[in-house]
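Asks: Before we start, here is the structure in question, set down as structure tokens.
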Amino acid sequence: MDMRQLRYFVQIVESGSLAKASRQLFIAQPALSQHIARLEEEVGKSLLVRSSRGVCATENGVALYHHAKFILRQLDQAVSVARQDTAALSGRVTLGLAPTTNCQLGLTLIRHMRARLPGVMVNVVEGLSGHLEHMTRVGQLDLAVLFAPRAAAELSVEPLLDEELFVVLPKRSTLVPADRQSLTMAETAALPLVLPSPGHGLRRRIAVEFDRTNQVIDAVAEIDSLPLLMHCLADGMGATIKPMAAIHALGNPQDWRALRISDAQMSRANYLYALPPEKLSPCAAAVRLEFKQLVRDLVAGGRWEGVRLAPEASAPVAPASEESLV
């Protein structure tokens with residue numbers, strides 16, 4: 001499915017007529033019909049209903065139309081930003097990040113944005129996911145990385161990456177033998193665990209896996225501050241369950257161990273939220289593209305461990321032409 005087919009399909013739906021769309025697109029009607037036939041063949045569903053009065057979209061066609069409009073706006077925005085002189089962009093962009101995300105890429109992000117977008121002031125706001133969700137919904141953030149696919153229905157959202165959750169403890173801790181690379185859920189449950197409180201999204205994700213494996217969470221402390229939680233671990237209080245990014249919280253990742261959980265698929269999805277394309281400023285659009293590029297480079301280069309890019313995020317951020325695949 002290429003961008004040209006989507007543009008043709010959108011124009012036909014909006015024109016309500018193949019003949020009118022062909023005039024708008026400056027393409028012969030038979031050629032236009034062939035493009036739509038190939039699109040329907042690839043989708044495997046009928047997208048248009050033809051009659052003497054013109055054409056209208058089927059139920060599947062309406063669904064594709066709305067997604068196609070969004071994709072085409074994103075592409076046009078990407079091309080527009082790519083054509084701009086980034087040095088000439090100026091303004092302020094507010095980006096919300098959870099503590100683990102921020103401790104992994106915060107400094108790298110600021111350095112990257114200052115080099116790539118020197119005229120843009122990127123205001124990084126750190127907060128727990130629930131607080132960031134609220135700020136996003138009320139329009140206080142231009143961009144945010146959140147952990148729910150429907151945290152703010154009025155904003156655009158795209159999958160960014162998946163973080164594996166690890167048992168994290170100090171390297172010098174004697175709770176787990178030094179030769180162990182992984183633990184079972186039962187072994188994890190037996191550790192003195194320092195965890196976020198039950199209202200925290202990460203704690204809820206952990207609880208789901210404990211329930212699934214019939215294990216009981218018996219936390220020795222509940223702390224919603226990442227630096228304080230990691231300081232408690234460093235003081236010998238126990239272990240925690242976090243993304244690997246948490247080992248950067250105190251600035252000494254070499255002093256920590258991150259052990260996989262062998263009998264559970266415990267991970268956390270990350271989503272990039274942004275204002276709708278029509279409300280996103282040129283500065284915010286540029287920061288969004290640079291942020292996605294930076295994340296992709298960090299993961300591909302092995303500088304962000306314990307994560308995998310979502311399929312959409314691993315694709316090129318700014319397609320070179322309209323012939324690029326969706």
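Asks: So which helices (runs of 4 or more DSSP H) stay within region 2-55 end to end and still have 3 or more residues that are over 19 Å from PHE70 (Cα atoms) and in contact with a helix residue (DSSP H, G or I) (Cβ under 9 Å, 6 or more places away or on another chain)?
Replies: Result: 18-25, 29-43.
Asks: Yes or no: LEU183 surrounded by 14 or more Cβ atoms within 10 Å (Cβ to Cβ), over 22 Å from LEU97 (Cβ atoms) and in contact with a Gly (Cβ under 8 Å, 6 or more places away or on another chain)?
Replies: No, not satisfied.
Asks: In region 31-60, which residues are under 18 Å from ALA19 (Cβ atoms) and open to solvent by 90 Å² or more (accessible area, probe 1.4 Å)?
Replies: The answer is GLN34, ARG50, SER52, ARG53.
Asks: Those residues that are open to solvent by 10 Å² or more (accessible area, probe 1.4 Å), in contact (Cβ under 8 Å) with a residue 40 or more places away in the chain and in a loop (DSSP other than H, G, I, E, B), I need them from region 228-263; list them, please.
Replies: Of everything in region 228-263, those that are open to solvent by 10 Å² or more (accessible area, probe 1.4 Å), in contact (Cβ under 8 Å) with a residue 40 or more places away in the chain and in a loop (DSSP other than H, G, I, E, B) turn out to be GLY236, MET237, ALA249, SER262, ASP263.
Asks: What are the residues in region 290-312 that are on the phi < 0 side of the Ramachandran plot, touching a residue at least 24 places away in the same chain (Cβ under 8 Å) and either among the small types (Gly, Ala, Ser) or open to solvent by less than 20 Å² (accessible area, probe 1.4 Å) (or both), if any?
Replies: PHE291, LEU294, VAL295, LEU298, TRP304, ALA310
Asks: Counting just the residues of region 99-119 that are in a helix (DSSP H, G or I) and free of Cβ contacts under 8 Å to residues at least 60 places away in the same chain, which one comes out most open to solvent (accessible area, probe 1.4 Å)?
Replies: The residue in question is ARG114.
Asks: Quick check on my filter: what residues within region 197-227 are among the small types (Gly, Ala, Ser), surrounded by 17 or more Cβ atoms within 10 Å (Cβ to Cβ) and under 28 Å from the mean Cα position of the chain (by Cα)?
Replies: GLY201
Asks: Another question about this same structure. Mind checking which residues of region 290-307 are in a loop (DSSP other than H, G, I, E, B) and under 18 Å from ARG268 (Cα atoms)?
Replies: The answer is TRP304, GLU305, GLY306.
Asks: Checking VAL287 against (1) open to solvent by 10 Å² or more (accessible area, probe 1.4 Å); (2) part of a helix (DSSP H, G or I), only one condition comes out false. Which one?
Replies: (1)
Asks: Another question, if that's okay. Just to be sure before I move on: is ARG73 over 27 Å from GLU154 (Cβ atoms) and either surrounded by fewer than 15 Cβ atoms within 10 Å (Cβ to Cβ) or modelled with pLDDT under 85 (or both) in the structure I sent?
Replies: Answer is no for this residue.
Asks: All but one of (1) more than 20 Å from the chain's Cα centre (by Cα); (2) part of a loop (DSSP other than H, G, I, E, B) hold for GLU154; which doesn't?
Replies: (1)
Asks: Name the residues in region 120-155 that are open to solvent by 40 Å² or more (accessible area, probe 1.4 Å), modelled with pLDDT of 90 or more and of a type in the set (Gly, Ala, Ser), would you?
Replies: none
Asks: Being modelled with pLDDT of 85 or more and either among the charged types (D, E, K, R) or closer than 30 Å to PRO196 by Cα (or both), is that true of even one residue in region 84-93? Reasoning before the result, please.
Replies: Quick first cut of region 84-93, residues modelled with pLDDT of 85 or more only: 91-93.
Those left that are additionally either among the charged types (D, E, K, R) or closer than 30 Å to PRO196 by Cα (or both): 92-93.
For region 84-93, residues modelled with pLDDT of 85 or more and either among the charged types (D, E, K, R) or closer than 30 Å to PRO196 by Cα (or both): present.
The values are calculated or read from the model by the stated rules, or taken from the named source; none is laboratory data. Values in this document were obtained by computation on a predicted structure and should not be read as measured data. Cβ sites come from the backbone with ideal geometry, for glycine too, and all protein chains shown count toward neighbours. What goes into the accessible areas is simple: the full protein's heavy atoms, side chains included, and nothing from ligands, DNA or RNA. Shrake-Rupley method; radii C 1.70, N 1.55, O 1.52, S 1.80 Å.
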